[in-house]
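> Quick one: the structure is below, questions incoming.
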Amino acid sequence: MVLLINTTDDTGVTGQLRELLEKTGTNFEIVQTAGMKINPCMGCNHCWLRTPGICSIRDDYETVLKRIIGAGQMWVITDTALGFMDHKGKNIFDRILPITTMYLHFRNGQMRHVPRYPVLPDVGIIFRGEADRAYLERWTERAALNFERKALGVFRSDEIREAVACMR
Amino acid sequence: MHAVIMNGSPRVRKHSNTDRILARFLQGMTEDGSTFEQYEISDRKQWERARTAFQHNDRILIALPLYVENIPGLLMEFLETLIPRGGDATLSFILQGGFAEGAQLRCGEAYLEMLAGRLGCRYGGTLVKGDNFGIRLTEGKEQERITAPYREMGRVYSREGSFFSEECRKFTGPETFPFFTRLLISVVFRMIARKRFARAARAWGATRPLDDRPYGGRGV
């Protein structure tokens, strides 16, 4: 399943994605976070040490997290700020901590937290606005390591067809 | 020298590893004769004063934990509200994280260099160091052993106003561990660290195993 998490207020991009993905018969789900309450990660570590796998912040992120677990691909559609994704996009990634345990191991030459679940998604980014694309690509490669999965690429919001070509 | 210090950790000050690091760092700074004013980004009530301090000082330092290869979302939200300077201030960073190898922090460091320019500041370098997760789980001398080296770095920052010296570069420690060190670490994690984590979890009130899967599936 392809999970599309739209953290922007604009549903135009997801409208285009829906249209193109329906044509290709891709199994997908869209989550619009604009109307949701998603707080930033506080780094309390409760999801590792007190209530393993469960975030202590009781807000709408839990419904997002449940969808991330078991998805084959996760695409975050985000606005940009200061050359990178804005805080709303970043919060989606920061809050993934419960999908890992605090145990550590080496994988592909990197020390990583042991994933809590056997099926986690590959990661792609669609961004709206100005950003340092080369850096975003580097960052997405690194972020995907947390899932022990691969990066699917970074696309501008006017490159939807190229992004859809990577969705399956 | 007078510096504006911002603790960019989203964790409340009482539990902030970054705050413990800053305490030692600022001790060194003041011993060298520098002064500072400190703001906590975890406390939104301080944001207005922190913004004003950013606008009116020429030496600014943001200390932060690495969150998913970059800056925490809450710090990003704060930075988005700043009006960029006109190249008349120097912005430096202390970047800290849990993973011990320096290579783990380089992606975040690369962004911080870019960020200084985006905020209209000269880049004053980043003091990079991992292996700090234990600060939260330790007290007294054991915690002091982890944070004490930052005191000397505070003196260096006070003298030089940046983190470009060889001393600061070496502070990071090994970029990656040799094969046999990694092997040893793996064994330690399997044999010792897991028991220690389980003990810490019991002390925190955990009633489920640390590899529990609350949303389904088998254990790790």
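The values are calculated or read from the model by the stated rules, or taken from the named source; none is laboratory data. Every value quoted in this text rests on a predicted model; they were computed, and no experiment measured them. So basically every Cβ, Gly included, is an ideal-geometry build from the backbone, and we count neighbours across all protein chains shown. To get the accessible areas, we keep the full protein, side chains included, count just its heavy atoms, and leave off ligands, DNA and RNA. Shrake-Rupley method; radii C 1.70, N 1.55, O 1.52, S 1.80 Å.
> What dipole magnitude, in Debye to the nearest 20, does chain A give about its Cα centre under +1 on Lys/Arg Cβ and -1 on Asp/Glu Cβ?
Value, rounded to 20: 660 debye.
> Could I ask something else about it? Using the Kirkwood radius over Cα pairs, work out the Stokes-Einstein diffusion coefficient for region B:1-130 at 37 °C and 0.692 mPa s, in µm²/s as a whole number.
Diffusion coefficient, whole number: 224 µm²/s.
> Would you check the accessible area of A:C41, probe 1.4 Å, heavy atoms only, in square angstrom rounded to 10?
20 Å²
> Mind checking B:197-207 for the average number of partner chain beta-carbons within 10 Å of each residue's beta-carbon?
Rounded to a whole number, the mean comes out at 4.
> Further question: Whole angstrom only: what separates the Cα centroid of region A:147-165 from the Cα centroid of region B:88-151?
Result: 31 Å between the Cα centres.
> Taking all pairs of different Cα atoms in region B:118-208, averaging 1/r and flipping that mean, what Kirkwood radius in angstroms comes out?
Taking the inverse mean of 1/r over all distinct Cα pairs, region B:118-208 comes out at 16.3 Å.
> What figure, in Å² to the nearest 10, do you get for the accessible area of B:F93 with a 1.4 Å probe and non-protein molecules left out?
Ignoring ligands and nucleic acids, B:F93 comes out at about 0 Å².
> Still on this structure: I'd like the accessible area for A:V64: 1.4 Å probe, protein heavy atoms, all chains in place, Å² to the nearest 10.
We get 0 Å² for A:V64.
> Which residue, A:I160, A:I54, A:H87, has the largest displacement toward the positive end of the dipole of chain A when charges sit on each Cβ (Lys, Arg +1; Asp, Glu -1)?
My answer, from the dipole projection, is A:I54.
> Report the rotationally averaged projected area of region A:49-148 based on its alpha-carbon convex hull, in square nanometres.
Orientation-averaged projected area of the Cα hull: 6.7 nm².
> Could you give the distance between the Cα centres of region B:1-72 and region B:160-194, to the whole Å?
24 Å
> Okay, next question. Can you compute 3J(HN,Hα) from phi for each residue in region B:171-176, using the Karplus curve 6.51 cos²θ - 1.76 cosθ + 1.60 with θ = phi - 60°, rounded to whole Hz and x for Gly and Pro?
4, 4, x, x, 5, 9
> Would you kindly calculate the mean projected area, averaged across all directions, of the convex hull enclosing the Cα atoms of chain A, in square nanometres?
Mean orientational projected area (chain A, Cα hull): 9.3 nm².
> Also: Sort the following peptides by mean Cβ neighbour count (other Cβ atoms within 10 Å, averaged over residues), highest first: A:142-151, A:9-18, B:96-105.
Packing order, densest peptide first, comes out as B:96-105, A:142-151, A:9-18.
> How many partner chain Cβ atoms sit within 10 Å of a residue's Cβ in peptide A:142-154, on average, as a whole number?
1
> Give me the inter-chain shielding for A:99-111: mean count of other chain Cβ atoms within 10 Å, whole number please.
Counting other chains' Cβ atoms within 10 Å and averaging over A:99-111 gives 6.
> About the Cα centre, and with charges only on the beta carbon of Lys, Arg (+1) and Asp, Glu (-1), how big is the dipole of chain B? Nearest 20 debye, please.
Dipole about the Cα centre, nearest 20: 1040 debye.
> When the helices in the protein assembly as shown are scored as -39500 (n - 2.57) per DSSP H run of 4 or longer and the sum is shared across all residues, what 222 nm value do you end up with, to the nearest 500 deg cm²/dmol?
-11000 deg cm²/dmol
> Relative contact order (percent) for chain A, with alpha-carbon contacts under 8 angstrom and 6 or more residues of separation?
24 percent
> Relative to the Cα centre, what is the charge dipole magnitude of the protein assembly as shown, using +1 at the beta carbon of each Lys and Arg, -1 at the beta carbon of each Asp and Glu, and rounding to the nearest 20 debye?
Approximately 1580 debye in magnitude.
> Right, another one. Would you kindly calculate the translational diffusion coefficient of the protein assembly as shown, applying Stokes-Einstein with the Kirkwood radius from alpha carbon pairs, for 20 °C and a viscosity of 1.002 mPa s, and quote it in µm² s⁻¹ without decimals?
Taking Rh from Cα pairs, D becomes 99 µm²/s.
> Convert each backbone phi in region B:130-137 into a coupling constant with the Karplus relation 6.51 cos²θ - 1.76 cosθ + 1.60 (shift: θ = phi - 60°), then list the ³J(HN,Hα) values in order as whole Hz, x for Gly and Pro.
x, 6, 10, 4, x, 4, 5, 9
> Let me ask another. Could you please put B:M29, B:M1 in sequence from largest to smallest accessible area, using a 1.4 Å probe?
Descending order: B:M1, B:M29.
> Let me ask something else about it. For chain B, what mean projected area does the convex hull of the alpha carbons give, in nm²?
Its average projected convex-hull area is 13.9 nm².
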